[in-house]
Amino acid sequence: MLDQCNASNFAYWPSKNAEFTWRTSNQRYITFEPDHNGWNNHRMAFENAVALAYALNRTLVLPPKHHIHHLRGSDHSVDEWFQMSALKSQIEVISIDDLLQETPIFAQVLPPGSVTEHVRGVKATGNITELVKYLRAVGYFPGWRWPTHCLLIEDAAPGCHGMNASELSVQEESFCNGRAPIRASSAAFANQPLLHFPYELVGKDEREWKRLSAGHFYTFLRFRKPHQQATFLRFMRDNVRYQDTIVCAAAAVVRALRKEAGGSFSTLHIRRGNFGLPGTPSDERCAQRDAARETTKERRAFAERLAHAVASVLHTNEMLYIATDEVRPNFFKPLVARGFRLRFQRHVREVLLPYAGALGGKHAWHFHGAVEQLVAAQGRTFHGTLRSTFSGYVVRLRGYLNGSTAALHTRWLPCLRQSAAFVEEGWPSPPFWGAEWPLAWRISENDIDLSRQLLGEGQRKTGRRVSQVIKAEVAQRNCGRNCITLDCVNSCSKDENVA
């Protein structure tokens with residue numbers, strides 16, 4: 001389909017899908033409860049469920065249609081956003097209705113007769129609350145919480161158990177970053193037909209919350225063998241991706257913007273919603289300040305600060321596509337005053353109309369956020385909102401599209417007392433949902449080995465980024481740009497004068 005809509009250059013995955021099914025399927029399942037927040041939290045929970053199903057060799061069960069925060073007027077199933085044909089060609093994926101037909105596997109869990117009663121009740125009412133009760137009753141929750149646990153996958157592991165620090169490599173210790181390491185294999189919980197991951201936010205401590213979206217898949221799950229880790233990252237990149245219609249719609253928008261701009265354009269995501277509420281430390285209250293609580297003077301000052309921060313990176317009179325929830329046009333006057341040509345979703349609505357039918361008709365706007373993420377990923381430069389999972393996914397998409405050089409053209413919008421900063425290298429650190437790291441798109445084994453060399457010993461205990469390590473990597477990357485052969489690239493990493 002991408003060839004037909006002239007969107008092949010959007011594909012960061014190979015045209016012919018590789019086979020990743022290096023394990024056999026079986027009658028073991030993973031279910032998860034939908035997130036209660038916006039679309040990108042749902043996306044993260046879905047990605048993490050896919051990653052766990054792949055790593056633990058289980059069939060993924062999709063939750064039923066449900067309400068997604070901010071998307072009014074229609075319930076959705078999370079798979080509506082993704083190219084499910086690609087994913088289903090690699091792992092077993094079924095619906096919750098399919099699972100409920102497999103009642104015999106739960107007979108050992110519930111008293112005789114109660115399985116049928118649960119199934120009939122759920123199917124008759126369609127009540128997701130009743131379904132949640134049922135799945136919590138028949139399923140097993142391992143107790144994993146991504147802020148406090150890291151999962152290390154190893155074929156030889158007998159099941160699932162904790163590990164001592166002495167059992168970890170330097171890289172694994174840096175990866176876990178103070179979290180409790182859990183070694184697991186596909187044989188983990190072999191006597192549990194159903195692993196169920198609930199959604200519960202009890203108490204004020206995020207470390208005690210039960211939610212799949214508490215971190216990105218690559219921040220809590222890691223294969224101990226490098227080639228399996230590379231295969232895992234490639235599997236997630238190539239098969240958990242937005243559906244072709246969304247990609248085609250984004251490609252049409254990008255073509256229209258480039259035509260109008262006479263070439264490239266840059267992109268921004270400015271979130272002005274419910275971040276930065278009173279009581280939030282000032283160094284965390286970045287571009288996500290609560291717009292509803294600002295005075296006019298504060299809003300103008302903040303808009304001026306943002307415009308000043310991005311102007312030094314942008315070309316003169318460059319076109320900017322801005323994804324935002326800010327509804328006051330005057331907020332963007334400082335950018336207009338500097339000569340930038342601004343475009344928003346409202347300027348490309350006609351371009352999106354041909355795709356409305358395939359994206360749900362009158363509810364097609366529910367998918368426009370995903371379209372904007374793909375558009376933002378195509379910008380010459382991108383400025384995103386810190387702690388926004390919308391912006392974070394754009395960063396990862398740019399990494400998928402451009403490789404390691406993506407960080408050189410991607411920045412976070414500034415905090416109150418800081419200038420715009422480059423996305424930094426390093427091992428993932430808390431909060432594990434609040435950013436994206438290059439470990440996600442460093443797919444090849446050589447990239448993983450490079451990450452080991454540069455991010456190993458220096459961050460072993462503290463997990464903090466080490467400036468000299470980052471400088472060495474940037475210098476090595478610049479050296480490699482002039483290379484044509486692999487031997488030349490390897491010589492860059494051996495050159496002691498590079499740093």
Which ones in the range 60-75 are part of a strand (DSSP E or B), at pLDDT 80 or above and open to solvent by 10 Å² or more (accessible area, probe 1.4 Å)? Leu62
Out of the residues in the range 356-366 that are part of a helix (DSSP H, G or I) and touching a strand residue (DSSP E or B) at 6+ places or on another chain (Cβ under 9 Å), which is nearest to Ala249 (Cα to Cα)? His366
Applying the selection to the range 207-227, what residues are assigned to a helix (DSSP H, G or I) and open to solvent by less than 20 Å² (accessible area, probe 1.4 Å)? Leu212, Ser213, Ala214, Phe217, Tyr218, Thr219, Phe220
With the condition kept exactly as written, say whether any residue in the range 230-239 is among the acidic types (Asp, Glu), open to solvent by 20 Å² or more (accessible area, probe 1.4 Å) and modelled with pLDDT under 95. no
Of the conditions (1) surrounded by fewer than 15 Cβ atoms within 10 Å (Cβ to Cβ); (2) under 24 Å from the mean Cα position of the chain (by Cα); (3) at pLDDT 95 or above, the single one that Val253 does not satisfy is (1)
What's the number of the condition Gln243 fails, among (1) surrounded by 19 or more Cβ atoms within 10 Å (Cβ to Cβ); (2) of a type outside the set (A, V, I, L, M, F, W, C); (3) under 21 Å from the mean Cα position of the chain (by Cα); (4) over 24 Å from Ala377 (Cβ atoms)? (4)
Would you call Ala53 part of a helix (DSSP H, G or I), touching a Leu at 6+ places or on another chain (Cβ under 7 Å) and modelled with pLDDT of 90 or more? yes
Test: residue in the range 327-338 that is among the polar types (S, T, N, Q) and within 30 Å of Trp437 (Cβ to Cβ): no
Tell me, which residue of the range 183-206 that is more than 25 Å from Leu131 (Cβ to Cβ) and open to solvent by 50 Å² or more (accessible area, probe 1.4 Å) is modelled with the highest pLDDT? Ala190
Which one of Leu352, Leu386, Leu335 is closer than 17 Å to Glu304 by Cβ and surrounded by 14 or more Cβ atoms within 10 Å (Cβ to Cβ)? Leu335
Options Leu353, Leu335: the member that is in a helix (DSSP H, G or I) and without any contact (Cβ under 8 Å) to a residue 24 or more places away in the chain: Leu353
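The values are calculated or read from the model by the stated rules, or taken from the named source; none is laboratory data. Fair warning: this is a prediction, and the values are worked out from it, not measured in the lab. Neighbour counts are summed over all protein chains in view; Cβ atoms, including those assigned to glycine, are modelled from backbone coordinates with ideal geometry. Each accessible area value is taken on the protein alone, full model and side chains, heavy atoms only, with ligands, DNA and RNA left out. Shrake-Rupley method; radii C 1.70, N 1.55, O 1.52, S 1.80 Å.
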